[in-house]
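Please see the structure below; I have some questions.
The values are calculated or read from the model by the stated rules, or taken from the named source; none is laboratory data. Owing to the predicted nature of the structure, the values given are computational and were not obtained by experimental measurement. Heads up, the Cβs are rebuilt from the backbone with ideal geometry, glycines too, and the neighbour counts pull from every protein chain shown.
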Amino acid sequence: MYEEDTYLKGDIMKKKFLGIMCAFVLVTGCSKAPKISNGEEVIASIDGKDFTANELYESMKDQYGTSILINMIDSHIASLEIGDSEDADVYADSMISQYKLQYEQYGMSFEDALASAGYSSEEAFKDVLVSDYKMSEVTKKYLKEEVTDKEIQKYYDENISEELNVKHILITPDVDDDATDEEKSEAETVAYNKALDLINKLNDGEDFGQLAKDNSDDTASASNGGVINNVTKEGYVTEFYNAAYALEEGQYTTTPVKSEYGYHIIYLVSKNEKDSLENLRDTILDSIVDKKLENDSNLEMTTWDKIRSKYNMSITDTKLKNTYESTIANLEN
C-alpha cells in the first residue's frame, strides 16, 4: 500500500479542514439529529451515554479551533482581495489533473483518496485549492508592497544580464564515479588536451558548427552546431557566462574554459542589450518575493498576521486568542 496517500496528505493536506468543519455545522441547527431534554442535539450514542454536538464542538475547538478559525478568516480576506479568479480556477483544475494522473499511475483511486482525506467531493477539494491559491497571491501582493526601490535596483544590477547567443563545444572528462584521484586527473588532462586540439583546428580555419556536431558532449546543442540562444548570467554557470561575455562578436575562446561540466570552447554570435529595469520591474518583484519566501519558512504566516491586523481582526474567545498570539510570538522569535 502506498504510504498514507502521499499526494493528498502531503503539503495539500495542511488545508484539510473540510471534514472538521462539518462538525461545527452540527451546532447551527442544520442537522436533523434527535435532541436530549436540555435541547442539545445527539450525534451518537452507546448504551447509557449520548454524545452531543456541543460536546463534539468543544472537543474539536480545543484541538483545531484556532487553525480552523484563522483559515476561515484568511479565506474571507483572500476573497475580498482577489474576488473571482480565473487563474485560481485554472490552477486548481491543473492540480487536480496532476493528482488524478499520479494516482492512476500507482493504480490507486483518486475518489477514495479524497474520501479518506475528509473531502466530500472533488468540488470541495477544488474549493480548497482555489482558496489556497488566492491566499498565496495575497501574501505575494503584500510582500511586494514592502519591497524597496533599492532592493529592486540591487537585484537588477546583480542578476539581470545581457542575453548572449553563442555556439559552444563541451568536452567532458570520461571518468567513472568510483575512479581514483589519479584516474580523474588523467581524464581531466585528456579532456583538456582534446579541447585544446579543437581550438587549434578552429585556428586553422575549420568550421565551428561542424566541430561541435562531431565532438561536443552537449547532446542538446551538438546536433544544431553547438548553438545556444538567450544565455543569461542567472541561468548558466558563472565560468561559462563570464567567458562568453568577455568575447567580441565573432570571436571564440582561445583556451578551454573549465566548469563543473567539463571544458568549453565558446563562440560569441551576438550580444543583446539587457531590458530596462522599468520593463522588468514586475518580473523582478516576483523573483524577490519568491526568494524571500524560499529563505524564510515563517514569512507567509507572519505576513498574514499583518494582513489580519489591517482588517482589524479581533478574536473574542480567550482561549483561541491566546493560542493564536502564542503561535505568532513563537514564529517571530
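How many residues does region 147-206 contain that are assigned to a loop (DSSP other than H, G, I, E, B), closer than 22 Å to GLU234 by Cα and not polar (S, T, N, Q)?
So the answer is 3.
Turning to a different aspect of this structure: If TYR245 satisfies all but one of (1) touching an Asp or Glu at 6+ places or on another chain (Cβ under 9 Å); (2) closer than 19 Å to PRO173 by Cβ, what's the number of the condition it fails?
If we test TYR245 against (1) touching an Asp or Glu at 6+ places or on another chain (Cβ under 9 Å); (2) closer than 19 Å to PRO173 by Cβ, just (2) comes out false.
Return the residue satisfying two criteria in turn: it lies in region 168-205 and is under 18 Å from ALA243 (Cβ atoms) and of a type in the set (Val, Ile, Thr), and of such residues it is surrounded by the fewest Cβ atoms within 10 Å (Cβ to Cβ).
Among those residues, the one meeting the criterion is THR172.
Please state which of the following conditions LYS274 fails to meet, knowing it meets all the rest: (1) surrounded by 12 or more Cβ atoms within 10 Å (Cβ to Cβ); (2) of a type in the set (D, E, K, R); (3) modelled with pLDDT of 95 or more.
Here LYS274 clears every test but (3).
Go through region 238-288 and give me each residue that's without any contact (Cβ under 8 Å) to a residue 24 or more places away in the chain, touching a strand residue (DSSP E or B) at 6+ places or on another chain (Cβ under 8 Å) and among the small types (Gly, Ala, Ser).
Hits for region 238-288 are ALA243, GLY250.
Another one. Any idea which residue in region 240-258 is farthest from the chain's Cα centre (by Cα), counting only those that are farther than 11 Å from ALA195 by Cβ and surrounded by 15 or more Cβ atoms within 10 Å (Cβ to Cβ)?
Looking at residues that are farther than 11 Å from ALA195 by Cβ and surrounded by 15 or more Cβ atoms within 10 Å (Cβ to Cβ), I get TYR252.
A further question follows. Filter region 224-245 for residues that are small (Gly, Ala, Ser) and either touching a His at 6+ places or on another chain (Cβ under 6 Å) or modelled with pLDDT of 95 or more (or both); which is farthest from ASN159 (Cα to Cα)?
GLY225
Looking at (1) touching a helix residue (DSSP H, G or I) at 6+ places or on another chain (Cβ under 7 Å); (2) farther than 23 Å from TYR311 by Cβ; (3) at pLDDT 95 or above; (4) not assigned by TED's automatic domain parsing to the domain that holds ILE228, which is the only condition THR139 fails?
(2)
Hey, does region 212-227 have a residue that's over 15 Å from LYS167 (Cα atoms), exposed (fewer than 12 other Cβ atoms within 10 Å of the Cβ) and either under 38 Å from the mean Cα position of the chain (by Cα) or not hydrophobic (A, V, I, L, M, F, W, C) (or both)? So that I can check it myself, show each step before the final result.
Let us first name the residues in region 212-227 that are over 15 Å from LYS167 (Cα atoms), namely none.
No, because not a single residue in region 212-227 is over 15 Å from LYS167 (Cα atoms), exposed (fewer than 12 other Cβ atoms within 10 Å of the Cβ) and either under 38 Å from the mean Cα position of the chain (by Cα) or not hydrophobic (A, V, I, L, M, F, W, C) (or both).
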